[in-house]
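A quick write-up on the structure given underneath.
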Amino acid sequence: MCGIFGIVTTEEGPLGDLLTAAGRRLSYRGYDSVGCATIGADGVVDLRKDVGKVDEVATRHNFAAMRGRRGIVQLRWATFGHPSQANAQPHLDSDGDLVGAHNGNVVNNVELRQQFIAEGLTVRSANDGESCVHAVERYVDRGHDMVTAIRRAYADLEGDYAFVIAATREDCLYAIKKGSGLVVGLIDGATCISSDLPSILPLTRRIVRVQDGEIVTLWPDRIELRRVADGALVQREPEWVTESMDAAAKGGYTHFMLKEIHEQPQVARELLHLLDASADVAAMVERMRAARHLYLLGCGTSYHACILGAVYMARLAGRAAIPILAPQFLPQYGPAVGPEDVGVFVSQSGETKDVLDALALAQGKGMTVLGLVNVIGSTLMRESAVHLPLTCGYEISVPATKTFTNQVVAFLYLALRMGGHPTAPLAALPDLMDRTLAAIEPQVTALAPALVAQQDLYCLGYGLTYPIALEGALKLKEITYAHCEGMLSTEFKHGPLSAVRDDYPVLFVAGPEDVPRLVSGINETTCRGGRAIAIGQEDARLRANAHDLIVLPDADALFNPLLAVLPLQCLAYEISVARGFDPDFPRNLSKTLTVD
Ligand code: M6R
């Protein structure tokens with residue numbers, strides 16, 4: 001997830017170290033490239049940027065020597081364009097009269113770049129941050145002042161983003177917010193703007209939060225907020241924040257996991273915008289359609305998304321897809337694989353060794369490799385013939401949450417496209433997820449104490465909820481250290497039922513289509529003294545048969561898995577914290593497994 005920081009001061013002075021320090025404070029968000037621009041009192045821009053870590057790039061390009069009255073630092077998490085010096089931000093306009101940088105995704109970047117080139121503007125990179133600058137430039141060139149030009153640009157730039165921009169001939173900075181975070185800091189003799197609080201807090205605790213659809217102009221001694229829609233001034237009193245740096249980095253949540261759980265509706269929204277505008281979706285669908293055998297490969301959580309992907313492909317596109325744990329690919333299918341086959345490799349990190357080993361086998365057999373990957377620039381991304389970015393930003397917590405959601409959203413989108421169905425109904429999904437989080441949290445909080453002491457649980461699902469049961473069980477065992485087995489509900493009676501005794505907890509994840517089947521399983525448990533906890537939409541049968549029911553909002557059966565996973569993530573989180581563990585960093589585990 002990119003980060004931007006800008007500052008406007010009264011007098012020209014050294015800014016390089018201050019900008020480098022702000023960049024370091026943004027680095028927890030994840031990035032691949034770093035850039036700084038300073039603008040002197042004479043309007044001359046000093047722009048230095050490169051691929052690498054903040055301190056590496058700052059040393060390599062001697063940021064410490066940078067001086068000016070205004071400055072911008074940007075950390076880039078690549079989505080449009082590979083990590084490279086040209087694609088690093090900030091960017092200049094055609095003549096070097098404007099300099100700016102963004103955070104987020106401009107989803108019509110490709111079309112806009114074509115327009116800019118046709119209009120004679122100088123486009124130097126593939127990056128959408130540069131499109132923000134040219135989008136303003138084209139209106140400045142037509143004689144508009146900066147505020148008007150930025151307001152017009154806002155209408156042209158589709159997606160979720162924030163950007164900061166300066167005109168060299170002026171003495172202020174401008175910033176605009178559309179979906180991504182933006183906070184102003186008020187300092188004695190300066191004002192600053194950032195993607196988030198942590199990069200501002202060491203400088204000041206007097207802040208103004210910019211809202212979506214607002215443009216802010218910053219001078220050293222004041223700011224001006226306006227609505228983009230009509231240009232009207234907005235009055236907002238500054239607030240005084242008391243949060244610690246650590247709390248601010250967690251966005252006010254106690255752990256990164258909780259923050260990332262709550263980011264799911266927004267990352268899904270952003271991914272859907274990106275997919276709607278992506279030419280790579282068609283390229284991927286075409287290859288998947290043409291495949292002799294279609295394999296979906298991943299490990300852990302990413303594998304669970306593959307199972308759900310296979311269910312979606314069959315239901316929506318009539319296409320059989322084979323979900324397979326990546327390390328089992330060679331022994332199970334290796335001898336049968338050929339160049340007519342296609343593999344969709346799914347990985348948050350894009351560096352999991354088990355996945356990369358399977359990828360090497362696939363390439364050795366001439367198979368087409370497609371990727372669903374969060375970390376841009378990762379091996380999986382580079383090795384894929386076509387990839388879709390998951391656009392989740394940095395997932396810090398070891399338990400995968402938001403990346404699972406976007407893996408599933410991507411599969412659902414691909415399956416709809418493969419089947420020739422409209423994808424527009426997916427637009428309702430993020431709001432449904434928001435409503436689900438609001439509805440389930442008090443229910444999970446009420447239930448968790450009953451499960452905190454349990455050392456042994458099952459989590460069962462059927463059909464569309466089977467992979468959710470696996471994923472819920474993985475979350476529970478990963479961060480609570482209890483044994484929790486995920487299973488197809490109908491398999492429970494084929495053996496594990498013998499474990500049931502008084503008060504033995506079994507979670508049943510019920511899709512709206514499969515309630516009768518789940519009710520049978522619930523009764524097999526309860527009649528042996530077990531405690532059946534159902535997760536599903538309001539249903540008299542679930543209510544009558546289970547001891548507890550966590551109620552999800554009514555939704556299409558295809559959307560239900562993306563809602564049902566939320567209470568399981570929250571339950572695992574609550575039990576972990578109640579047991580005194582740190583859910584972000586569970587013992588014995590690491591975020592990226594680059595070993596056998
Ligand atoms: O980076 P990847 O998606 O390839 O990682 C695969 C698994 O290691 C990962 O999903 C793991 O299971 C999660 N930490 C579970 O929450």
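The values are calculated or read from the model by the stated rules, or taken from the named source; none is laboratory data. The structure presented is a predicted model; accordingly, all values stated were derived computationally and were not measured. Heads up, the Cβs are rebuilt from the backbone with ideal geometry, glycines too, and the neighbour counts pull from every protein chain shown. These area figures cover heavy atoms from the full protein model, side chains too; ligands, DNA and RNA do not enter into them. Shrake-Rupley method; radii C 1.70, N 1.55, O 1.52, S 1.80 Å.
Using a/c under 1.5 as the rounded threshold, could you call the chain rounded, prolate or oblate? The axes a ≥ b ≥ c are square roots of the C-alpha gyration tensor eigenvalues, and prolate needs a/b larger than b/c, oblate otherwise. Note, shape of the chain comes out prolate.
Over all other residues within a Cβ to Cβ distance under 12 Å of PHE411, the charged ones net out to +3, with Lys and Arg as +1 and Asp and Glu as -1.
Using a probe of 1.4 Å, the accessible surface attributed to VAL140 totals some 50 Å² when neighbouring protein chains are kept in position. I need the shape label for the range 188-285. Rule: rounded when a/c is under 1.5, else prolate if a/b > b/c, else oblate, with a, b, c from the alpha carbon gyration tensor. Judged from the Cα gyration tensor, the range 188-285 comes out oblate (a/c at least 1.5, b/c at or above a/b). Stretching the chain fully between ARG289 and ARG236 yields a gain of 13.8 nm (0.36 nm per residue, less the alpha carbon separation). Using Cβ point charges alone (K and R +1, D and E -1), the dipole size of the chain about the Cα centre works out to roughly 640 debye. Only helices enter the 222 nm calculation for the chain: every DSSP H run of n ≥ 4 contributes -39,500 (n - 2.57), and dividing by all residues gives -11500 deg cm²/dmol, rounded to 500. How high is the FRET efficiency between ALA279 and ASP503 when r is their beta carbon distance and R₀ equals 56 Å, given to the nearest 0.05? Here the calculated transfer efficiency is 0.55. As a calculated quantity, the FRET efficiency between VAL44 and GLN115 at R0 = 25 Å, using C-beta atoms, amounts to about 0.30. What is the local net charge at GLY100, summed over the other residues whose Cβ is closer than 12 Å to its Cβ (Lys, Arg +1; Asp, Glu -1)? For residues surrounding GLY100, the net value is -4. Report the net charge of residues surrounding TYR312, where surrounding means a beta-carbon distance below 13 angstrom and charges are Lys +1, Arg +1, Asp -1, Glu -1. Once positives and negatives cancel, what remains is +2.
Take every pair of alpha-carbon atoms less than 8 Å apart whose residues are at least six positions apart; their mean separation over the length of the chain yields a relative contact order of 10 percent. Computed from the Cβ-Cβ distance with R0 of 25 Å, the FRET efficiency linking LEU589 to ASP246 stands at 0.70.
Potential lengthening of the chain between ALA439 and GLU491 amounts to 15.7 nm, from the contour at 0.36 nm per residue minus the alpha-carbon distance.
For the pair the range 307-326 and the range 246-269, the centres of their Cα atoms are 30 angstrom apart. Counted over the chain, the DSSP beta bridges are approximately 60% antiparallel. Under the shape rule built on the C-alpha gyration tensor, where the axes satisfy a ≥ b ≥ c, the range 3-249 is rounded, since a/c falls short of 1.5. Fully extending the segment from HIS421 to ARG315, taken as 0.36 nm per residue of separation minus the present Cα-Cα distance, adds 37.0 nm. Packing, as the average of other Cβ atoms within 10 Å across residues, places the peptides 544-552, 116-124, 15-23, 457-465 in the order 457-465, 15-23, 544-552, 116-124, highest first. Legend: distances between Cα atoms for LYS259/LYS353; LYS402/LYS475; LYS177/LYS591; LYS178/LYS591; LYS49/LYS250; LYS53/LYS591; pairs beyond 23 Å are LYS259/LYS353; LYS177/LYS591; LYS178/LYS591; LYS49/LYS250. Based on C-alpha pairs under 8 angstrom that are at least 6 apart in sequence, the range 439-583 has a relative contact order of 29 percent.
Dipole check for the range 253-421: with +1 at the C-beta of Lys and Arg, -1 at the C-beta of Asp and Glu, and the Cα centre as origin, the magnitude is about 340 Debye. Average accessible surface for the chain: 36 Å² per residue, computed with a 1.4 Å probe over protein heavy atoms with every protein chain in place.
In degrees, nearest 10, range 0 to 90: what is the angle between the Cα axis of helix 560-578 and the longest Cα principal axis of the chain? Roughly 90 degrees between the two axes.
Express the carbon and sulfur contribution to the solvent-accessible surface of the chain as a percent, rounded to the nearest whole number, probe 1.4 angstrom. Using a 1.4 Å probe with all protein chains present, the chain comes out at 51 percent carbon and sulfur. Entry note, the range 1-111: relative contact order of 35 percent, from Cα contacts under 8 Å with a spacing of 6+ residues.
Computed from Cα positions, the angle between helix 353-364 and the longest principal axis of the chain comes to roughly 90 degrees.
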